[in-house]
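Accompanying notes for the structure given below.
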Amino acid sequence: MNGDKGGVLFRCDNTDGNCVLEGYLMDDLQAGHWRGENATGETVICPLSYTARWPLAGLCMYGYEVSSREYTSYFASDIHHRLFHMPAIGEYTVDHYAEGYRAALELAVNHPEDAVRNTESLTFFALESMLTILLYRVKGVQDLLLMHRSRKRKKQQRQRLLPLLQKLSRSRLLLLRLR
């Protein structure tokens, strides 16, 4: 992964005309392709990707479950996957050794040496890492909200007690004056 990335190119122009072929029409959630022998350093993002794929910011939304849905539902994870097809990134080492979540898990158990080079395993790992980051952020936000609510509650309690305290202090002052 330390090599020259100068030849890597993402195309959006459907130069090979494959974006209208069956298999690139989102029925299998592909909507793009690596150009292969035509241009090994290039991958094409078909127009449908821009409207049909979900943003990574919505990773915990849309009812998505890693184990039962294609990770290519998200634009960023699809691009992550596509990067590995390019020799400058995958270095002819990262490839398809297993397809799908369950197959990637089985590969990790039975052939761990291939799992660390499996395109889908690496993409699932990236998604899980992003989910972990999002969950910690959400937990942090929840903690802040709880702390804010606690402060707000204390402030409300002080505001309710303030008139009573003022009355008490006035009566105390009155008692002091009467002495």
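The values are calculated or read from the model by the stated rules, or taken from the named source; none is laboratory data. Quick caveat: nothing in here was measured; it's all calculated off a predicted structure. So basically every Cβ, Gly included, is an ideal-geometry build from the backbone, and we count neighbours across all protein chains shown.
Which members of segment 90-123 meet the condition of being over 14 Å from His80 (Cβ atoms) and among the charged types (D, E, K, R)?
Glu91, Asp95, Glu99, Arg102, Glu106, Glu113, Asp114, Arg117 - these are the residues of segment 90-123 that are over 14 Å from His80 (Cβ atoms) and among the charged types (D, E, K, R).
Do we have Leu127 as over 26 Å from Gly36 (Cβ atoms), modelled with pLDDT of 80 or more and surrounded by 14 or more Cβ atoms within 10 Å (Cβ to Cβ) here? Walk me through how you get there before you give the answer.
Numbers: over 26 Å from Gly36 (Cβ atoms): no; modelled with pLDDT of 80 or more: yes; surrounded by 14 or more Cβ atoms within 10 Å (Cβ to Cβ): yes.
Criteria not met by Leu127.
Please work out which one of (1) loosely packed, with under 15 Cβ neighbours inside 10 Å; (2) of a type outside the set (S, T, N, Q); (3) more than 19 Å from Thr132 (Cα to Cα) is the condition Pro55 fails and give its number.
Here Pro55 clears every test but (3).
So which residues in segment 1-33 are small (Gly, Ala, Ser) and either modelled with pLDDT under 60 or surrounded by 12 or more Cβ atoms within 10 Å (Cβ to Cβ) (or both)?
Let us first name the residues in segment 1-33 that are small (Gly, Ala, Ser), namely 3, 6-7, 17, 23, 31-32.
Once the filter is applied, which keeps residues that are small (Gly, Ala, Ser) and either modelled with pLDDT under 60 or surrounded by 12 or more Cβ atoms within 10 Å (Cβ to Cβ) (or both), segment 1-33 yields Gly7, Gly23, Ala31, Gly32.
For segment 59-98, which residues satisfy the criterion of being surrounded by 18 or more Cβ atoms within 10 Å (Cβ to Cβ), hydroxyl-bearing (Ser, Thr, Tyr) and under 24 Å from Glu37 (Cα atoms)?
Matches in segment 59-98: Thr72, Ser77, Tyr97.
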